[in-house]
Ligand code: PLP
């Protein structure tokens, strides 16, 4: 008899997005007057920029010729892309990250989900709350999260991020071994100041904990703000942190798939014999066994993002999403809602009025205006009483949504 992995049984699973989709479907069947507009999706809507498309075409041509055809590539990624990442994302900011520290993958989702395999099952894991659900579910699937009580996992350490602490997580009472931080944050759209991030790096150094820093939305930080783009801007982080980044939102690669993880060789974890083991060696071992590399043509497309013209084009797209973010935030504030995010991130986190629950707000927005947001409660217990809006819609949909919001009665 084949038994299923018992740790899957307790998963709350895809409840959030499945529940949203079911409610939207029911609404569409009942009310056909207004087409539904989603400000809930975390997917991009603008196409790939011309420089990326042209790099893809050239790479396809190379693959069509025997002389330039490529089969399996290096599991860690082609040197041309790792060099480009190290130069543009790190050395240009004075950060000493080398190409050897960089692992190219086909998405940050897999990286942040797979990395937990490298840690003992007894490791204590801390997550911010609300949280990108992948960190939680991947640890729950491995059996590291304990039992689910309908709201939270017994063995995870939750770091509430709410209006009360200005969305900056406090150090927990129980010291974790692994800490997931995501900044700019999904879902709240908030950022960590240099001081706050320094505090977390120092904390990790004091306790020999590891920080998994998810910087998937780094490109949305305003150039003139003093918000760190990388955790490796913080002295000492190269001993206690790894960083995940993605081309998904930066360059519209959600359907193309390319990301990278940075693990400096100075980051160690404790091996079974009590001696330090380099985390990058464990990840290298894991990737070379379970991953066969990201497609050559996709890596050439990602490389093109770093060309002068590529950067100009993606920045124009990012600016247009951030224009949406500004407008959405202003529209919500004009309804009297308190909002966070939308300045250095494509997400706006709004507090529901009159203590209304997240789902009740969602229902009203859908019922009255055929607009979709994401109920904050779906991202963790501290998300109750908030909803998330995203700036990734088209200009036209965002404009139309803002017009409809004006008529809301909340
Ligand atoms: N990390 C965060 C915080 C995200 O919001 C997302 C996608 O929404 C990802 C990672 C996944 O990115 P990718 O498309 O590279 O898998």
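The values are calculated or read from the model by the stated rules, or taken from the named source; none is laboratory data. On a predicted model such as this, the values are computed, not experimentally measured, just so you know. Cβ atoms come from the backbone with ideal geometry, glycine included; neighbour counts cover every protein chain shown.
With respect to residue 220, is the statement that it is crowded, with 16+ Cβ neighbours inside 10 Å and closer than 23 Å to residue 388 by Cα true?
On the way: crowded, with 16+ Cβ neighbours inside 10 Å: yes; closer than 23 Å to residue 388 by Cα: yes.
Taking the combined requirement at face value, the residue satisfies it.
Examine region 229-240 for a residue that is touching a strand residue (DSSP E or B) at 6+ places or on another chain (Cβ under 7 Å) and within 11 Å of the ligand (Cβ to nearest atom), and state whether such a residue exists. Within region 229-240, none of the residues are touching a strand residue (DSSP E or B) at 6+ places or on another chain (Cβ under 7 Å) and within 11 Å of the ligand (Cβ to nearest atom). Residue under question is residue 99, and the condition is that it be surrounded by 14 or more Cβ atoms within 10 Å (Cβ to Cβ) and free of Cβ contacts under 8 Å to residues at least 24 places away in the same chain; does it hold? The answer is yes for residue 99.
The lone criterion from (1) within 16 Å of the ligand (Cβ to nearest atom); (2) not assigned by TED's automatic domain parsing to the domain that holds residue 103 left unmet by residue 28 is number (1). Among the residues of region 223-234, the ones that are buried (at least 19 other Cβ atoms within 10 Å of the Cβ) and free of Cβ contacts under 8 Å to residues at least 60 places away in the same chain come to 3 in all. For region 194-231, a tally of residues being in a helix (DSSP H, G or I) and more than 18 Å from the chain's Cα centre (by Cα) returns 13.
Among helices (runs of 4 or more DSSP H) lying entirely in region 58-166, which contain 3 or more residues that are away from the ligand (no atom under 16 Å from the Cβ) and out of contact with any strand residue (DSSP E or B) (no Cβ under 8 Å at 6 or more places or on another chain)?
So the answer is 79-85.
Inside region 152-189, residues that are over 20 Å from residue 349 (Cβ atoms) and within 18 Å of the chain's Cα centre (by Cα) make up a count of 2.
Of the strands (runs of 3 or more DSSP E) that lie entirely inside region 241-303, those containing 2 or more residues that are more than 16 Å from the ligand (Cβ to nearest atom) span 268-270, 276-278.
Please go through region 343-378 and pick out each residue that is outside any strand (DSSP E or B) and within 21 Å of the chain's Cα centre (by Cα). Working first, answer last.
Of all residues in region 343-378, those outside any strand (DSSP E or B) come to 343-346, 352-370, 373, 376-378.
Matches in region 343-378: 343, 344, 345, 346, 373, 376, 377, 378.
Would you tally the residues in region 179-200 being out of contact with any strand residue (DSSP E or B) (no Cβ under 7 Å at 6 or more places or on another chain) and under 16 Å from residue 229 (Cβ atoms)? Before the answer, list the steps.
Step one: list which residues in region 179-200 are out of contact with any strand residue (DSSP E or B) (no Cβ under 7 Å at 6 or more places or on another chain), which gives 183-185, 191-199.
So of that shortlist, the ones also under 16 Å from residue 229 (Cβ atoms) come out as 183-185, 191-198.
Qualifying residue count, region 179-200: 11.
Do we have residue 215 as near the ligand (Cβ under 9 Å from one of its atoms) and in contact with a strand residue (DSSP E or B) (Cβ under 7 Å, 6 or more places away or on another chain) here? Full working, then the answer.
Working: near the ligand (Cβ under 9 Å from one of its atoms): yes; in contact with a strand residue (DSSP E or B) (Cβ under 7 Å, 6 or more places away or on another chain): yes.
Spelling it out, residue 215 is indeed near the ligand (Cβ under 9 Å from one of its atoms) and in contact with a strand residue (DSSP E or B) (Cβ under 7 Å, 6 or more places away or on another chain).
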